[in-house]
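The values are calculated or read from the model by the stated rules, or taken from the named source; none is laboratory data. What you see is a predicted model; the values in this text were computed from it and never measured. Here the Cβ is made from the backbone with ideal geometry for all residues, glycine too, and neighbour counts use every protein chain on show.
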Amino acid sequence: MRILDLTLANIRAMDTEAIVIRIITPSGDMDSAVDSPALLNFNDLLVAIRDVMPEATVTAFEYEDEVGDRITVRSDEELKAMLSYYFNTMNEQRINGLLPDPLQIFPRAGKTPGIRNIHGLKVNTRPNPANDCTHSIPDSMTNNSLKKSSAELKRILTNGQINAQDIHYQEQLGHGNGGTVYKAYHLQGKRVLAVKVIPLDITVELQKQIMSELEILYKCDSPYIITFFSAFFVENRISICTEFMDGGSLDVYKRIPEHVLGRIAVAVVKGLTYLWSLKILHRDVKPSNMLVNTRGQVKLCDFGVSTQLVNSIAKTYVGTNAYMAPERISGEQYGIHADVWSLGISLMELALGMFPYPQDPPVFPVGQFSEKFVNFITQCMRRQPKERPAPNNLMDHSFIAQFNDGNAEVVSMWVCRCLEERRALQAQGHV
Ligand code: ATP
Ligand code: MG
């Protein structure tokens, strides 16, 4: 149940504002005006759909979220969540001076699913003629993709362009060692993005190498990994466009209670396991690279898929990474176990509400945390890499197993409450 998107402003808009719902069917689209969306219920809409598709047995319908994933609606609650999502999108479009699109719904009946971009694949296929300094994804890369492509992929390739001039920057979300992250709106794709802009003084050759190393991001398809849309160079800056997470990163939250942290830990372990299955080491596991949203999703970002990018940023980076495993700090070879250390120290920080002084074994205040949790962190932070849990042991650990229940609502409610508190403090001028 996604009640949490229902902000007061949206509920008010729903009371007063008429909307157009577009029913997409194999034989054509059908628009219907809804004067009072707040009064609309699931059954009414189902009856309207059945009128348009009398030959089919329709019991549910879907809509597309900001990353193109289809979300099923089968109840009044889910209908409310969809309307709330739609009002948010309408607001974004208005802020950007656009006329809102109708709310598109896709009845679920028989064999109707169209071609779907299951990977959220977005490839910038043509160089930007307006700016000679802009390098879109290099030809070698798009050609490769096209060779592999089916009709579906071609459609995706021509649909999924993000060019520098189509991005409306809205506000700065944060600033790290490498670059600056902005919230932005992509006009064509009609979606909110997080765009990380990193200044890099490197040759065009290196730029091309980075772009091809980033290619693997198009293949990442996991609910625990941030969706990657596109990357491009403009002059000496690379912009990396990803899914926007409205809860931001975990480093700015205060102490996280164990029943919430447990669900977060499950998602992070699943995200890491997914990356490792693609032979990708994260290399930068820390709270600021764990993002959450009001839907209760937890996703990893900023993993090191491009050696060139990591090296180029490292040249301007000063200081040590406090979350690094001891074997990395001492310059030894490292692998998956180094990510496991960083996972342990990150979760410990999130539980304590402050960065822990790493001791061997880690020390927790007496009586505040469960034995399972303390045992999990202690295992992850073993000095000897091989003594730390292997991927399957992480999932099987009793701390992870007990919270692996798919309950996104716990995280969702916690994120919403924290955001509310933050807003209230800001309103009082405390932040
Ligand atoms: P470092 O540069 O050491 O990795 P960092 O992770 O804090 O530090 P950035 O990766 O530049 O730095 O991110 C800056 C901030 O932007 C993050 O802390 C986070 O709050 C915000 N941010 C990054 N990506 C997103 C996103 N996809 N959605 C929402 N907020 C984001
Ligand atoms: Mg980061």
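If residue 294 satisfies every condition in (1) more than 18 Å from residue 334 (Cα to Cα); (2) away from ligand 1 (no atom under 14 Å from the Cβ); (3) surrounded by fewer than 21 Cβ atoms within 10 Å (Cβ to Cβ) but one, which is the exception?
(2)
Can you pull out every residue in region 323-357 that is outside any helix (DSSP H, G or I) and either under 30 Å from residue 199 (Cα atoms) or in contact (Cβ under 8 Å) with a residue 24 or more places away in the chain (or both)?
Within region 323-357, the first condition is being outside any helix (DSSP H, G or I), and the residues that meet it are 323-325, 330-335, 353-357.
323, 324, 325, 330, 331, 332, 333, 334, 335, 353, 355 - these are the residues of region 323-357 that are outside any helix (DSSP H, G or I) and either under 30 Å from residue 199 (Cα atoms) or in contact (Cβ under 8 Å) with a residue 24 or more places away in the chain (or both).
Please give the strands (runs of 3 or more DSSP E) falling wholly within region 229-322 in which 3 or more residues are within 16 Å of ligand 2 (Cβ to nearest atom) and aliphatic (A, V, I, L, M).
Of the strands (runs of 3 or more DSSP E) lying wholly inside region 229-322, those with at least 3 residues that are within 16 Å of ligand 2 (Cβ to nearest atom) and aliphatic (A, V, I, L, M) span 290-292.
Can you tell me how many residues in region 20-48 are farther than 19 Å from residue 64 by Cα and touching a residue at least 60 places away in the same chain (Cβ under 8 Å)?
Final tally of qualifying residues: 0.
For region 382-429, which helices (runs of 4 or more DSSP H) that fit wholly inside it have 2 or more residues that are of a type in the set (Lys, Arg) and more than 18 Å from residue 271 (Cβ to Cβ)?
Helices (runs of 4 or more DSSP H) meeting the threshold: 408-427.
Quick check on residue 252: is it over 15 Å from the mean Cα position of the chain (by Cα), hydrophobic (A, V, I, L, M, F, W, C), surrounded by fewer than 18 Cβ atoms within 10 Å (Cβ to Cβ) and under 27 Å from residue 415 (Cα atoms)? I'd like the intermediate steps shown before the answer.
Values: over 15 Å from the mean Cα position of the chain (by Cα): yes; hydrophobic (A, V, I, L, M, F, W, C): yes; surrounded by fewer than 18 Cβ atoms within 10 Å (Cβ to Cβ): yes; under 27 Å from residue 415 (Cα atoms): yes.
Criteria met by residue 252.
Within region 180-201, which residues are crowded, with 16+ Cβ neighbours inside 10 Å, without any contact (Cβ under 8 Å) to a residue 40 or more places away in the chain and out of contact with any Asp or Glu (no Cβ under 8 Å at 6 or more places or on another chain)?
Kept after step one, since they are crowded, with 16+ Cβ neighbours inside 10 Å, are these residues of region 180-201: 181-187, 189, 191-198, 200.
If we keep only those that are without any contact (Cβ under 8 Å) to a residue 40 or more places away in the chain as well, we get 181-182.
Answer for region 180-201, where residues must be crowded, with 16+ Cβ neighbours inside 10 Å, without any contact (Cβ under 8 Å) to a residue 40 or more places away in the chain and out of contact with any Asp or Glu (no Cβ under 8 Å at 6 or more places or on another chain): just 181.
What are the pairs, 6+ residues apart or on separate chains, where a residue within region 246-265 that is closer than 11 Å to residue 354 by Cα has its Cβ under 8 Å from a residue that is away from ligand 2 (no atom under 16 Å from the Cβ) and not in a helix (DSSP H, G or I)?
Short answer, once both residue conditions are applied: 254/353; 255/353; 256/353.
Of all residues in region 5-25, which are surrounded by 13 or more Cβ atoms within 10 Å (Cβ to Cβ) and either in contact with a His (Cβ under 9 Å, 6 or more places away or on another chain) or at pLDDT 80 or above (or both)?
Taking region 5-25 and keeping what is surrounded by 13 or more Cβ atoms within 10 Å (Cβ to Cβ), we get 5-7, 10-11, 13-14, 17, 19-25.
If the condition is that a residue be surrounded by 13 or more Cβ atoms within 10 Å (Cβ to Cβ) and either in contact with a His (Cβ under 9 Å, 6 or more places away or on another chain) or at pLDDT 80 or above (or both), then 19, 20, 21, 22, 23, 24, 25 are the ones that fit.
So for region 241-262 (the condition being polar (S, T, N, Q) and more than 19 Å from residue 308 (Cα to Cα)), does at least one residue qualify? Quick ask: steps written out before the conclusion?
Filtering region 241-262 down to residues polar (S, T, N, Q) leaves 242, 249.
Imposing the further condition that a residue be more than 19 Å from residue 308 (Cα to Cα) reduces the set to 242, 249.
Looking for residues that are polar (S, T, N, Q) and more than 19 Å from residue 308 (Cα to Cα), one finds at least one in region 241-262, hence yes.
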